[in-house]
Amino acid sequence: MAYITGPDVVKYACTCGLLKPITHLYFCRYCTQIRCSFCVCHEIDSNFCGKCSENIPSSEARLKKNRCGNCYVCPSCQQDLSTRIASKGSANPEEAKSTPKKMYYLLCQFCRWSSRDVGIPDQSTVTGGWPKRENVHANRLQELVDSYKAIILASKKHQQDKEKKKRVKCLSYTDRTGVTAAAIRKRLGLPADMTHPMLKNRPKNPEPAKAKSEVEDLPDSIFTEPLNLAEIMSIEQRLLQPEQQPTTVDKLFPVHKQLSIKRSLRCRSCEHNVSKPEYNPNSVKFKIQLFAYYIIPEIRIVTVEPLRSGKTSELIVKFTNPTQHQTTITFFELDLDEVESVVTEEVAEVAESFEQSLYLQEKQQLSLPSLGSLSQPSSLLASRTPSITVKPRRIKEDLNCKIGIPESSFILLPRDDAAEYDDSGDSHNIQDDPKLVKWRKSNKAFIRLYVTPNEDLPLNSEVTCGFVMQHIYTNTITSKVENKEPQQYNHKVKVFLTLGNSVGCD
Amino acid sequence: MPIYESLSSDKLSVVLDIGAAYTKFGFTGEFSPRSIITSEVLCSKTKKLRRIWDYESAEDLYDLLVDFIHVIFFKYALLSPKDKPVIIVESLLCPTTFRETLAKVLFYHYEMSMMFILPSHLVCLASLAIDSAMVVDVGYKEAVVIPICYSFPVVKAWQALPLGGEAIHNNLRTLLSSSNTGIQDLPESTLENIKVRCCFVTKKYRADQLGSAKPEIATCPDVKYPIGGAEHMTVTGKVRERAFELLYEEDNDHLCLSTMILDALLQVDRDLRQKLMGNIVLIGGSVMVPGFKARLKEELEMQLKNNRYSKLNISTIAFHSLPCKENYAAFLGGALYGATELLNMKSLTRETYFKENRLPDWINFKENVHCA
Ligand SMILES: [Zn+2]
Ligand SMILES: [Zn+2]
Ligand SMILES: [Zn+2]
Ligand SMILES: [Zn+2]
C-alpha cells in the first residue's frame, strides 16, 4: 500500500504535461494517450446520500437543494445525527401496551447534541417533519425578484420594439407612397402588430428600503455579565447554516445531509468515457475503467547505489506487464523540449474501421439495460458540444542526473494469474541481454540501469532522472468486434524517477 | 409551488463570490448561499491548505482555481460545469490577474458557456431596491468604500485601507500575547473564533478610557478560553473591547475607517453628498460584530465636526439594514441579478471570449449593467 499513499518516486508524464504516479492516470484506448483527472472532463453521473445510500435523481436532488430529505447532520459537530426512539413512559403499563405510541428525536452520538436541546418537539414518524427555519425576509426578496424580472423583461421588449421600428423606418418609401406599415404587414403576410397594451406599460419599481438614523446600541449587559462560552457558536458552526448563521446555541437546528455524487470522466479529445461508475451507490465497481495501471507497464525502483555527483551508480528497476499481451520495452533519451510527446504509429491506416467499431461500442453501451441510460439519455450525448482541448504544458521537472539509455530492448511476458501457483520454475526461453536484464519471473523483469548525477550537484539534494519508455499497446476493441487480429501500437511514455538524495564521497 | 419550482429549477445557475477568506456559493433566485466555505485548497504537493488569494503567479493561480472550482461544482453544487452559465460577483478593485485567470479557468478548463461578472458594491443594493448609497465593504484583506450614485459606481472616489479581518486577527494576536505569556503562535482559525465569540466593538467613550493610562471604568468580564484540549488562556475584558480598535486608530496619514468614508464623500458631487450619507450600506463579514454600526456612527459624527470635513455640511447619518447577513450581501445581489434576463443579455459568452481573448474592462462594462 505504501507505494500508493507514500511519496511518488516514480512518475509518468500525462499527455497534458502533469506528472503523476501511474495509479492516478487513465489511458484512453481510442486516442491511445494517457489522460489524468486534470485533463479529462468530469461529469456528474448520479446523486446519492452517503448515510442512507439512496440514489436520488438529479431533478429531485435539485429540488431538495442537494440534500437528503431524511438524513441530518449535527449542527454542532457536523457528524450524522441518529434518530432515537423516545420511550414515552406511561404510568399504566397496560395502557402502554395497547397504544404503543413511539416518538422520535434526533441525537448526535459524538457530541450529544439533541433536537430536544433547542426545544424541537419529538416527532411521531421516523422521517419526521422536522421544522425548518423560514427566512423572515423571503417575502420581500421574492417580491424584488419578481419585479426585477418584469422590469428587465419589459426593457428587453422595449429595445426589441425600438429595433423593429428602426427596421420599418428603413422602408421609407412607405411615407412617399402613402402605404402604411400596417398595410405592408398585411401584404407581406405578417400578422398585425398586436403587442398587448399591458406589456407596453413599464412595470412598477419596487418600494426602496428606508435607511434609519437610529442604530442598535450595544446592550449594557455586555459590559457586566460574564460570557458563557459554551452558549456561543464558533464561526464554523455559524457558517454551516449560511442563511441564519446562529450565534447562540439555542438557535441551532438539524441540518439536512449534503448529497454525494458519482462521477464519470470523459476524454476531451474523443468524447469517450475513461471512467464510469456503476449506478448503484453501494457498488464500488465501474462500468468503464480505462486505468493506465491496467495497460501501461508499471515501474518500481528496487535498489539504487549511493548517489554521488559525477559518479555512476547502478540502479535496479522492476517492470511489470499488467496486460494479457506480450510487450517489448525500449528505452529512449528524454527530451523535455519536444512538444509532440506521444507518438502513436500505425493509427492512420486503421482509423476508419476503428472509428466504426467505436461507434458500435458506444451503441452497445447505450443499449445495455442498465440504469445508466436513465441518468444520461442518449439524446444528451448527442447534444453535447465537443470539448475544447487545452494545449499541453511544458513538463516542469528539473533533471539533475543522466541515465544511460540501453541500446537493446527486452520482452515482458503477459500476465498470467495462474503463474503465482506454479512452482515448476521459469520455463521461458527468452534470449535476454544479460547486461540489461538481471532477473525475470513471469510478467516481471528486473532491469539494470546506470545513472550519473550531474557534476555540479550540491550535497544532499534530491536526484531526479528521466527516460522515455516505449511499450507495445495491444488494442483489443477492434478484434473483439470484428474478429480481427488485435492492433498493436508503439506507445511512448515519459517516466521520471526520484532516486533519493545525493551523498558525499567517502 | 412545487410545479413552479420544478419548471424554474432548470434555470438555476451558480453564483460565486470568491472572497479573500470565504467563498459564498449558491444559485440564482435563492436568498442565501448554499454554502460559505474557506477560499482555500489542499495543495497536492505539500498536503497543506493554501489560500487562493496567496497565489504566486498567474500560472499558480490557474492551478489553485482549477482545484477550487472543482470542489465547488463537484462537492457543493453537484452540477457538471460544462456549457453552463456562471455569475461571478467581484470587487471593482479586483486585480486584473485574478479576473483574467478566473475567466481562463472557467472558459478553457471548465468550458462554461457564459460568465456574468457583477461588481459587488453595486449589486448588494439590489436587495434594498435603492440606487444610491455609500457602500462600505469590510472584508478580510481590506475595507473598500465606493459610493454608488444612481446605479453608477463612482469608482474615482474609491478608498481602500488594509483594515479587515486579517488586521483584526493580527491585532488580537498582539493583544493576547502581551496578556498571556507563552502564547504566541495561535493559528488564525483560533484567533478568528476568539474574535467572533468574545470580542465586540465598544463605545467610543469606553474606548478612549481604556486607551488612557488610568481608565476610570471597569472593563467587561474576562473570558477563560480553551486552547487545544485541556489548556486555557485568558481573554481579558480589555482585549475583548480593544480588538477592533485599530479600525479607528488613525495611521500616519490620519486615515482610518471613518475618514475613508468621508474622503470618498469629498470626491462626490456636492448635491449627492447628503443623499449618500443618508444611505450607508455596510457589507462584508467584519461588519457583523456587535456594536459595529453604532460605533461607526459615533466616529462619523465626531469626524464631521473636524475642520477637515466640516465643509461637507452633513446633517444626518442613516444606515440601511440588509434583509440578509452582511457577509453574503454581495452574493445575494448576484443571485437577484442572475435570476433576471440580464444573465442572457449581458453575459460574456465563451464565443466572444475566445474571439477577444480577454475580458471587457469594468469601464465599458459598467455602462451596460444598470437595472432597477
Ligand atoms: Zn493530464
Ligand atoms: Zn439520506
Ligand atoms: Zn454533534
Ligand atoms: Zn480519447
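Between B:ASP17, B:ASP60, the distinction of being modelled with pLDDT under 95 and acidic (Asp, Glu) belongs to B:ASP60 only.
Does B:LEU79 fit the bill of being more than 21 Å from B:TYR353 (Cα to Cα), open to solvent by 10 Å² or more (accessible area, probe 1.4 Å), in contact (Cβ under 8 Å) with a residue 60 or more places away in the chain and of a type outside the set (Asp, Glu)? The answer is yes for B:LEU79.
Between A:ASP117, A:ASP122, which is in contact with a Gly (Cβ under 9 Å, 6 or more places away or on another chain) and either within 14 Å of chain B (Cβ to nearest Cβ) or surrounded by 15 or more Cβ atoms within 10 Å (Cβ to Cβ) (or both)? Answer to the selection: A:ASP122. Looking at the structure I just gave you, is B:ASP131 among the acidic types (Asp, Glu) and within 14 Å of another protein chain (Cβ to nearest Cβ)? Taking the combined requirement at face value, the residue satisfies it. Find the residue count for the stretch A:257-276, including only residues that are more than 9 Å from ligand 4 (Cβ to nearest atom) and more than 12 Å from the chain's Cα centre (by Cα). Looking only at that region, the number is 4. Check the stretch A:97-112 and report whether any residue there is within 16 Å of ligand 2 (Cβ to nearest atom), away from chain B (no Cβ under 14 Å), at pLDDT 75 or above and in contact with a Gly (Cβ under 7 Å, 6 or more places away or on another chain). Yes: the stretch A:97-112 contains one or more residues that are within 16 Å of ligand 2 (Cβ to nearest atom), away from chain B (no Cβ under 14 Å), at pLDDT 75 or above and in contact with a Gly (Cβ under 7 Å, 6 or more places away or on another chain).
Highlighted here are the strands (runs of 3 or more DSSP E) found entirely within the stretch A:1-61 that include at least 3 residues which are modelled with pLDDT of 90 or more and away from ligand 1 (no atom under 11 Å from the Cβ): A:40-48.
Selection within the stretch B:305-328: residues that are outside any loop (DSSP other than H, G, I, E, B) and within 14 Å of chain A (Cβ to nearest Cβ). The member of this set that is nearest to the chain's Cα centre (by Cα) is B:ASN327. Inspection of the stretch B:249-260 finds a residue satisfying the criterion of being surrounded by 20 or more Cβ atoms within 10 Å (Cβ to Cβ) and of a type in the set (Val, Ile, Thr). Exactly one residue out of A:SER264, A:SER213, A:SER260 is within 13 Å of chain B (Cβ to nearest Cβ) and more than 30 Å from A:ASP80 (Cα to Cα), and it is A:SER213. Please work out if B:CYS220 is facing chain A (nearest Cβ under 10 Å) and closer than 21 Å to B:LYS195 by Cβ. Criteria met by B:CYS220.
Within the stretch B:94-116, being touching a residue at least 60 places away in the same chain (Cβ under 8 Å) and either open to solvent by less than 10 Å² (accessible area, probe 1.4 Å) or of a type in the set (Lys, Arg) (or both) holds for B:ARG99, B:LEU102, B:ALA103, B:PHE107, B:GLU111, B:MET112, B:MET115, B:PHE116. Just name the residue that is modelled with the highest pLDDT out of those in the stretch B:171-196 that are in a loop (DSSP other than H, G, I, E, B) and either assigned by TED's automatic domain parsing to the domain that holds B:GLY291 or open to solvent by less than 30 Å² (accessible area, probe 1.4 Å) (or both). Among those that are in a loop (DSSP other than H, G, I, E, B) and either assigned by TED's automatic domain parsing to the domain that holds B:GLY291 or open to solvent by less than 30 Å² (accessible area, probe 1.4 Å) (or both), it is B:LEU186. Just to verify a result, which residue in the stretch A:28-76, among those that are among the hydroxyl-bearing types (Ser, Thr, Tyr), open to solvent by 40 Å² or more (accessible area, probe 1.4 Å) and over 24 Å from A:PHE110 (Cα atoms), is nearest to ligand 3 (Cβ to nearest atom)? This residue is A:SER58.
Yes or no: B:VAL239 within 14 Å of another protein chain (Cβ to nearest Cβ), crowded, with 20+ Cβ neighbours inside 10 Å and in contact (Cβ under 8 Å) with a residue 40 or more places away in the chain? Taking the combined requirement at face value, the residue satisfies it.
Scanning the stretch A:233-259 for residues that are surrounded by fewer than 18 Cβ atoms within 10 Å (Cβ to Cβ) and in a strand (DSSP E or B) yields A:THR248, A:VAL255. Just to be sure before I move on: is A:ASN201 facing chain B (nearest Cβ under 8 Å) and at pLDDT below 90 in the structure I sent? Criteria not met by A:ASN201. Just to be sure I understand, how many residues within the stretch B:259-283 are in contact with a Phe, Trp or Tyr (Cβ under 8 Å, 6 or more places away or on another chain) and not in a helix (DSSP H, G or I)? Number of matching residues: 3.
If the condition is being within 14 Å of B:LEU16 (Cα to Cα) and open to solvent by 50 Å² or more (accessible area, probe 1.4 Å), then the stretch B:37-73 contributes B:THR38, B:VAL71. The single condition from (1) within 19 Å of B:LYS293 (Cβ to Cβ); (2) open to solvent by less than 10 Å² (accessible area, probe 1.4 Å); (3) within 11 Å of chain A (Cβ to nearest Cβ) that B:PRO147 fails is (3).
The values are calculated or read from the model by the stated rules, or taken from the named source; none is laboratory data. Predicted, not measured: the structure shown is a model, and the values here were computed from it. Every residue, glycine as well, gets a Cβ built from its backbone with ideal geometry; the counts of neighbours run over all protein chains shown. We work out accessible area using only protein heavy atoms, side chains counted, and drop any ligands, DNA or RNA first. Shrake-Rupley method; radii C 1.70, N 1.55, O 1.52, S 1.80 Å.
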